[in-house]
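Single-structure report; data block below.
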Amino acid sequence: MTLVRPKSETREAWQYTGQPVEEWPMWVQGCCYQFAEDAIIVRRSGQQIIRSSEWLVRNLDGDPEWLTHDQMRKEYEEVVG
């Protein structure tokens, strides 16, 4: 999935809806693991729980950012794909 910001900046995004790890994009598999019904993202600052319907967005450095559904709607004007 591709996201478009108002200034034509595009990024990849993925919404966690309980999919098994095998169905996650490779960039998500490289930074997360599944524990029970949640996905866990491993970052330099520690671990973050990704619950169902929350998003990961790959920033310009290729690192994942965690966003809630409401944050996604506020920050991005268009979701393509």
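Table for the structure above
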item: Segment 13-34 residues that are part of a helix (DSSP H, G or I), paired with ones that are of a type in the set (Ser, Thr, Tyr) (beta carbon under 9 Å, 6 or more apart); result: Val21/Tyr33; Val28/Tyr16
item: Candidates Gln34, Gln48, filtered to the one that is in contact with a strand residue (DSSP E or B) (Cβ under 6 Å, 6 or more places away or on another chain) and either among the aliphatic types (A, V, I, L, M) or surrounded by 15 or more Cβ atoms within 10 Å (Cβ to Cβ) (or both); result: Gln48
item: When residues of segment 1-37 are limited to those that are modelled with pLDDT of 90 or more and charged (D, E, K, R), the one nearest to Glu54 (Cα to Cα); result: Glu23
item: Which listed residue, of Glu54, Glu75, is surrounded by 13 or more Cβ atoms within 10 Å (Cβ to Cβ), among the acidic types (Asp, Glu), in contact with a Ser or Thr (Cβ under 6 Å, 6 or more places away or on another chain) and on the phi < 0 side of the Ramachandran plot; result: Glu54
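The values are calculated or read from the model by the stated rules, or taken from the named source; none is laboratory data. Since this is a predicted model, take the numbers as computed values, not measurements. Heads up, the Cβs are rebuilt from the backbone with ideal geometry, glycines too, and the neighbour counts pull from every protein chain shown.
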